[in-house]
Amino acid sequence: MRMMAWVAAGLLAAGMVTGASAQERGKGGNPEAGKTVARQCVACHNLDKPDAKPTGPSLLGVWGRPAGTDPNYAAKYGPGIKESGIVWDNEEVLDKYLENPQSVIKGSRMAFRLADPKKRADVIAYLKTLK
Ligand code: HEC
């Protein structure tokens, strides 16, 4: 019986791994839907111009940009982000960041979380269009 339990647990774990990779964190979003989600970002971020707001760096061109490098927000970034070595060109990392910034960058000053995985994928797809 114990053996069976181990096999069952193994299958369950394998299933979970397959499920997670099939979902592909942060990928396959709809940019049109993401535009609506991004209304939640505008409270703190500009999306349409390179100027930073007092509350956050500009997200225009953020896709592909190294983290913590908006020159107009340079003095305001919190600890950790510049040294993180992150480049915002990885859906999975950005997805985790939007889910819980502090889990990706310790000391992150972004006081916002987006719990819904679909909304995160959609907003990531939209951010990619902001050039
Ligand atoms: C309550 C204000 C607030 C909201 C709302 C908010 N953010 Fe932020 N965000 C910040 C702050 C502040 C930072 C800078 C973090 C730091 O200095 O550690 C940041 C940083 C970021 C960064 C990193 C930028 C860089 O230059 O490296 C990304 C990407 C980001 N936010 C995306 C989003 C998205 C997408 C949304 C909406 C779904 C959002 N944020 C909503 C405040 C906010």
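The values are calculated or read from the model by the stated rules, or taken from the named source; none is laboratory data. As the structure is a computational prediction, the values presented were derived from the model and not from experiment. All Cβ positions, glycine included, derive from the backbone under ideal geometry; neighbour counts span all protein chains shown. The protein model used for the area step is the full one, side chains on, heavy atoms only, and it has no ligands, DNA or RNA in it. Shrake-Rupley method; radii C 1.70, N 1.55, O 1.52, S 1.80 Å.
Only alpha carbons enter this Debye calculation for the stretch 19-131, each as an equal point scatterer, and the log10 of I(q)/I(0) it gives at q = 0.13, 0.17, 0.21 Å⁻¹ is -0.44, -0.77, -1.23.
Lys and Arg at +1, Asp and Glu at -1: add these up for the other residues within a Cβ distance under 14 Å of GLY68 and post the number.
Values: positive: ARG65, LYS76, LYS82, LYS106, ARG109; negative: ASP70, GLU83.
It works out to a net charge of +3.
Using alpha carbons only, how many angstrom separate the centre of the stretch 62-131 from the centre of the stretch 32-61? Going from one Cα centre to the other spans 12 Å. The heavy atoms of TYR77 present about 30 square angstrom of accessible area, all protein chains included, probe 1.4 Å. Evaluated over the Cα positions of the stretch 89-131, the convex hull gives a direction-averaged projected area, one quarter of its surface, of 3.1 nm². Taking all protein chains as shown and a probe of 1.4 angstrom, THR69 keeps an accessible surface of around 70 Å².
The H on the amide N of LYS53, modeled in the peptide plane, is under 5 Å from the matching H of ASN46, SER58, each at least 5 residues off or on a different chain. Accessible area ranking (1.4 Å probe, heavy atoms, ligands and nucleic acids excluded), largest first, for LYS53, LYS82: LYS82, LYS53.
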